[in-house]
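The values are calculated or read from the model by the stated rules, or taken from the named source; none is laboratory data. Computed from a predicted model, the values in this text were never measured in an experiment. Glycine also receives a Cβ, built like all others from the backbone with ideal geometry; neighbour counts cover every protein chain displayed. SASA here: full protein model, heavy atoms, side chains in, ligands and nucleic acids out. Shrake-Rupley method; radii C 1.70, N 1.55, O 1.52, S 1.80 Å.
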Amino acid sequence: MHYFFLHTRKGFATVEILIAATIISVTLIALVLATGRAVDLSIESVERVQASFLLEESAESVKLIRDTAWTSISSLTIGTTYYLNFSGATWTLTTTPPATVDGYTRTIVFSNVYRDGSDDIAGAGTLDDGTRLVTSTVSWNSVSGPKTESIQFYVANIFE
């Protein structure tokens, strides 16, 4: 009887080792996968912050272009995609896509603005030639696929 107990115990130790190895392996795999996902999320967070800064810069650049001369804005074709270009310490808008900024592409689209009888911005009504709705978009290829962020704001001819 004593021999049977030792023999059974010896096999049980092998099973314990297999179970422990399996638990350790599954835990290590889970940690590696979690670490990989954390790195991806961190990269995506940095990318979104960069996109936000580029959107903010786009808005400020359009305002600077407006401040130079309202005709720089009012003469643009509504609905056309424009790209920001910085040359000679001056911002300009062009229909020719420039090189990307660190892998980011910025676009600007202008839309008409209408006012209702109370002079409030509305979906329809009287065309306001002194105001434009600006949609600024930043797009890039992220670790998890293509991403896009956009903002909309109004610019007005404040010097008239």
Note to self: It is to be established whether one or more residues within region 131-148 are on the phi > 0 side of the Ramachandran plot, open to solvent by 50 Å² or more (accessible area, probe 1.4 Å) and not in a strand (DSSP E or B).
What the structure shows: no
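Out of 118, 87, 72, which single residue is in contact (Cβ under 8 Å) with a residue 12 or more places away in the chain and on the phi < 0 side of the Ramachandran plot?
72 is the lone residue from the list that is in contact (Cβ under 8 Å) with a residue 12 or more places away in the chain and on the phi < 0 side of the Ramachandran plot.
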